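Chemist: Here's a structure for you.
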Amino acid sequence: MYVNVELSPRTIQGATVVPPQAVQTGPENRFVYVVGEDRKVASRPVKLAYVDAGTAVVEGIEPGARVVVEGAQNLRPGSVVAEATSDTSPRPPATAGDGPGPKGKAKKPS
């Protein structure tokens, strides 16, 4: 059997893409945890524009922001996180004595 298939791809100009597991649902809105330069997380409200199997297109965060993709359920705004390397072992804290706090993986959206 042969089938002719016609696809119409979706193109979203200037989209910010994050892993779908980075998008959290709160009592009032959806949000992502963004990691700051001081390794502290802050919640940023986002609007979900499109979700597919491996991507979520969001509005509300700037391109290049580091977002938490794992362990977000253990975080609160102001929590300190340690960024995991590609082999999933956490990096040591930048300064001694402050401890890594709750662990999460941060990833830059594409």
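Chemist: Would you grab the residues whose amide H sits under 5 Å from the one on Ser79? Only those 5+ places off in sequence or on another chain, please, with H modelled 1.01 Å from N.
Modeler: Val41
Chemist: Short version: ³J(HN,Hα) in whole Hz for each residue of region 2-7, in order, from phi by Karplus 6.51 cos²θ - 1.76 cosθ + 1.60 (θ = phi - 60°), x for Gly and Pro, what are they?
Modeler: Each residue's phi maps through the Karplus curve to give 10, 10, 8, 10, 10, 10 Hz.
Chemist: Taking θ = phi - 60°, what integer Hz values does the Karplus form 6.51 cos²θ - 1.76 cosθ + 1.60 yield along region 29-40, in sequence order, with x for Gly and Pro?
Modeler: Once θ is set to phi - 60°, the couplings for region 29-40 become 7, 9, 8, 10, 8, 9, 8, x, 4, 8, 6, 9 Hz.
Chemist: Next question. Can you list the HN-Hα couplings for region 67-82, worked out from phi with the Karplus curve (6.51, -1.76, 1.60; θ = phi - 60°), rounded to whole Hz and with x for Gly and Pro?
Modeler: 10, 7, 10, 9, x, 5, 5, 9, 9, 9, x, x, 5, 9, 10, 10
Chemist: Within region 1-31, find all residues whose amide N lies under 13 Å from a label point positioned 7 Å from the Cα of Arg44 along Cα-to-beta-carbon.
Modeler: 16-19, 23, 31
Chemist: If R0 is 30 Å, what FRET efficiency do you get for Ser8 and Arg30 from their C-beta distance, rounded to 0.05? Mind showing how you got there, number by number?
Modeler: On the way: r = 27 Å, r/R0 = 0.90.
Step by step, r from the Cβ atoms, then E = 0.65.
Chemist: A further question follows. Just grab the label-to-label distance for Gln73 and Glu37, each label 7 Å out from Cα along the Cβ direction, in nm (one decimal).
Modeler: 3.4
Laboratory data are not the source of any read-out in this text; all were calculated from the coordinates shown. Model, not experiment: these values are computed from the prediction. FYI the Cβ positions are ideal-geometry reconstructions off the backbone, even for glycines, and counts take in every protein chain you see.
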